[in-house]
Amino acid sequence: MKTLLNSLAEPTRWNIVELLKKGPLAVGEIAEALGLRQPQVSKHLKVLSEAGIVAVHPIANRRVYQLNPEPFQELQEWAESYRHLSEERFDRLDDYLMKVEKRGEEEK
């Protein structure tokens, strides 16, 4: 999980992942879309690949990258494990707002 989050924390890698959400792309297509040189993009793709975030498929002389869904499923499961914290806070907020509303009605 930590590797996934560290990999996505870098803005260029985040932008690459955002591009790949739309579908597989070759290194050159990613470089062009982001206005970067191909070696820069390849370096970031290597980090994403080592983290298991992307998979590479050689097609002729091109290397096409696509997102690997498993790390994102793990991230979603991890985030879900904290959902109860926000639900408890919303429940307390709801209780507070109901008390405020009740006080307002009593003052009328």
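Readers should treat all values here as calculations from the given coordinates under stated rules, not as data from a laboratory. Small disclaimer: the values here were computed from a predicted structure and weren't measured. With ideal geometry, Cβ positions are generated from the backbone for all residues, glycine too; neighbour counts draw on all protein chains shown.
Values for this structure:
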{"quantity": "Selected residue (criterion: surrounded by the fewest Cβ atoms within 10 Å (Cβ to Cβ)) from residues of the range 1-33 that are without any contact (Cβ under 8 Å) to a residue 40 or more places away in the chain and assigned to a loop (DSSP other than H, G, I, E, B)", "calculated": "LYS22"}
{"quantity": "The range 49-108: number of residues that are among the charged types (D, E, K, R) and not in a helix (DSSP H, G or I)", "calculated": "3"}
{"quantity": "Filter result for the condition that a residue is aliphatic (A, V, I, L, M), closer than 19 Å to LYS2 by Cα and in contact (Cβ under 8 Å) with a residue 24 or more places away in the chain, over LEU48, LEU36", "calculated": "LEU48"}
{"quantity": "Unmet requirement for LEU36, which otherwise passes all of (1) surrounded by 15 or more Cβ atoms within 10 Å (Cβ to Cβ); (2) part of a helix (DSSP H, G or I)", "calculated": "(2)"}
{"quantity": "All positions within the range 50-85 that are under 14 Å from the mean Cα position of the chain (by Cα) and at positive phi", "calculated": "GLY52"}
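So that you can scan it fast, the table gives a plain yes or no per residue for (1) surrounded by 10 or more Cβ atoms within 10 Å (Cβ to Cβ); (2) among the acidic types (Asp, Glu):
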{"residue": "ARG63", "(1), (2)": "yes, no"}
{"residue": "SER81", "(1), (2)": "no, no"}
{"residue": "LEU85", "(1), (2)": "no, no"}
{"residue": "GLU88", "(1), (2)": "yes, yes"}
